[in-house]
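S.K.: Below is a structure I'd like to ask you about.
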Amino acid sequence: MWGMIATWRMALEGVEKGVHLLREQNSCGDALEAAIKEVEDFPYYKSVGYGGLPNEEMEVELDAAYMDGSTMDFGAVAAIRDFANPISVARALSKEKVNNMLVGEGAAKYAAVNGFERKNMLTERAKHYYKKRRKELSEAERPYDGHDTVGVVSLDTHQQMCAGTSTSGLFMKRRGRVGDSPICGSGCYVDSEIGGAAATGLGEDLMKGCISYEIVRKMKEGMTPQQACEAAVNKLDERLRKQRGAAGDLSVVAMNANGEWGCATNIETFSVVVCSEKQPLSVYRVSRDSDGNCKRELADQAWIDEYVAQRSKPLE
Ligand code: GLY
C-alpha cells in the first residue's frame, strides 16, 4: 500500500509529483519532500515558501518540520530567512544526532554550511499585499489573516511513513513568532506502525491541543483516521470556546498505515488532496455541519482551476 494526503488544494501538483515517486517505490521521505518543495516553489501561494507573506518588518520568516515515522527522527526550522526550501533543511536536520530544531540565524547558518539553495523569498506581489495591509491595519486592528500551511502525510510501498509541514506563518506576525508547524506533535506527527497527521490553522490554538499527536494517539486506540480527526478537532474547538470564548481555525488531515485517510475542520473553506493505491488523486472541499460532523465533497475541475486563478490574478 502507498498513499499521500495533504492540506489544501494548493498541494495538488505537489501530491501528484509525490505519488508518482511512491508508485515507483521511492521512499515516503523523497515523495513528501518533492510534494512540499513544489508548493514552496510556487510563487502565488501566499502562506508557504517563495511568495509567502512577510512579518510586520516585511521579512519572510519560514517554518518547516519533517518527521520519520519509523526512526522517530524529527527535524525543524523556525523563522528561517532567504532559503528556498525549508522542508529540505528540516529533513536534513532530522538526521542529525542532536540540534534537530534550529531557529533564525542558526537555521540559516546550518542551511548555508550544508549547501542549501539561497533565495530572496520576498516577491513583489508579497510586498504589494504588505503595503496594502499596513494601510488597512492603520484603520482596523486585525493582524491575523491566512493560515494555509501545507501539511503532508506520506506512506510508501515499504510501509514506512513520514509527515511534514511548511509555512510562512501568520501574515504580519511579530519577528520571531513561531506557530505550530515546526513543533513536533502539533504541526505534524507520525508513527509508521499507526499512521500520521498534519495540521493547518491558527498555530497558537493548534498547539494548545498538540493536535497531530492527539490524532495519532486516537488512531492507536482504534479510531479510524476520520474518527480521530473529527474527535480531535471537535474536542479542542469545544474546549477553546468554553474556556476562552473563541477558537481559532483548526484543520487537520491524517492517514493510517493501511492508507485509510481522514480530515476535519472547524471552518467553512478547508480543502484536502489525497491519493493512494485505492483512491485516485482527488481534491475534497471540507467543512463542518452544525452537529460537528465533517462534510466533504469532491471538488470539481472548475473549483480546482478557480483556486489558482484567484491566487494568480493580476494585482489591483
Ligand atoms: N499554522 C501555521 C501557523 O500558525 O504558523
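The values are calculated or read from the model by the stated rules, or taken from the named source; none is laboratory data. Predicted model only: the values in this text are computed from it and were never measured. Cβ placement follows ideal geometry from the backbone for every residue including glycine, while neighbour counts extend to all protein chains displayed. Accessible surface areas use protein heavy atoms only, side chains included; no ligands, DNA or RNA. Shrake-Rupley method; radii C 1.70, N 1.55, O 1.52, S 1.80 Å.
S.K.: Which of the lysines could be linked to LYS109 by a straight reach, that is with a Cα gap under 18 Å, when you skip same-chain ones fewer than 8 residues away?
M.R.: Cross-link targets: LYS95, LYS97, LYS119.
S.K.: Shifting gears a bit: Would you work out if the chain is rounded, prolate or oblate? Take a ≥ b ≥ c from the square roots of the eigenvalues of the alpha-carbon gyration tensor; rounded if a/c is under 1.5, else prolate when a/b is larger than b/c, oblate otherwise.
M.R.: Working: a/c = 1.37, a/b = 1.14, b/c = 1.20.
Rounded, because the longest to shortest axis ratio a/c is under 1.5.
S.K.: Before I look further, what does the chain give for accessible area per residue, probe 1.4 Å, in whole square angstrom? Walk me through the numbers on the way to the answer.
M.R.: Values: 13670 Å² over 316 residues.
Here the per-residue accessible area is 43 Å².
S.K.: Which order do CYS210, CYS263 take when ranked by solvent-accessible area (1.4 Å probe, heavy atoms of all protein chains), largest first? Numbers along the way, then the final one.
M.R.: Details: CYS210 65, CYS263 0 Å².
Of CYS210, CYS263, the descending order of accessible area is CYS210, CYS263.
S.K.: Expressed as a whole percentage, what fraction of the accessible surface of region 190-316 belongs to carbon and sulfur atoms when a 1.4 Å probe is rolled over the protein heavy atoms? Let's see the in-between values first.
M.R.: On the way: 2770 of 6070 Å².
Answer for region 190-316 is 46 percent, counting heavy atoms of protein chains only.
S.K.: Rank-order 108-120, 304-316, 23-35, 1-13 by packing density, defined as the average count of other C-beta atoms within 10 Å over each peptide's residues, highest first. Walk me through the numbers on the way to the answer.
M.R.: On the way: 108-120: 13.9, 304-316: 11.5, 23-35: 21.4, 1-13: 24.9.
The peptides rank, most packed first, as 1-13, 23-35, 108-120, 304-316.
S.K.: For region 184-316, please report how many Lys pairs fall under 28 Å Cα to Cα, leaving out neighbours fewer than 8 apart on the same chain.
M.R.: 16
S.K.: Is the shape of region 182-316 rounded, prolate or oblate, going by the alpha carbon gyration tensor and its root eigenvalues a ≥ b ≥ c, with a/c under 1.5 for rounded and a/b larger than b/c for prolate?
M.R.: The shape class here is oblate.
S.K.: Let me ask something else. In nm², what is the average projected area of the convex hull enclosing the Cα atoms of region 90-202? Could the numbers behind the result be given before it?
M.R.: Values: hull surface 35.9 nm².
Average projection, Cα convex hull of region 90-202: 9.0 nm².
S.K.: Something else about it: List the aspartates and glutamates whose Cα lies under 17 Å from the Cα of LYS132, skipping any in the same chain that are fewer than 8 positions away.
M.R.: GLU56, GLU57, GLU59, GLU124, GLU141, ASP145, GLU316
S.K.: Also, quick follow-up: If you stretched the chain out fully between ALA246 and ASN99, how much longer would it get, using 0.36 nm times the residue separation minus the C-alpha to C-alpha distance?
M.R.: Numbers: separation 147, 0.36 × 147 = 52.92 nm, distance 3.59 nm.
Fully extending the segment from ALA246 to ASN99 adds 49.3 nm.
S.K.: Beta carbons within 10 angstrom, averaged per residue: use that to sort the peptides 281-292, 175-186, highest first. Before the final figure, lay out each step's value.
M.R.: Values: 281-292: 15.2, 175-186: 22.7.
With the highest mean Cβ count within 10 Å placed first, the list reads 175-186, 281-292.
S.K.: First measure r as the distance between the Cβ atoms of GLU124 and ASP305, then evaluate 1/(1 + (r/R0)^6) with R0 = 30 Å and state the FRET efficiency to the nearest 0.05. Display every interim value, and only then the final one.
M.R.: Values: r = 24 Å, r/R0 = 0.81.
Once the sixth-power term is evaluated, E becomes 0.80.
S.K.: Just the number, please: carbon plus sulfur as a percent of the accessible area of region 45-129, 1.4 Å probe, no ligands or DNA/RNA counted. Before the final figure, lay out each step's value.
M.R.: Numbers: 1730 of 3570 Å².
Roughly 48 percent, rounded to a whole number.
S.K.: Okay, moving on. Would you please classify the overall shape of region 2-136 from the alpha carbon gyration tensor, given that a ≥ b ≥ c denote the square roots of the eigenvalues, rounded means a/c under 1.5, and beyond that prolate means a/b larger than b/c while oblate covers the rest? Numbers along the way, then the final one.
M.R.: Values: a/c = 2.38, a/b = 1.33, b/c = 1.79.
In terms of gyration-tensor shape, oblate.
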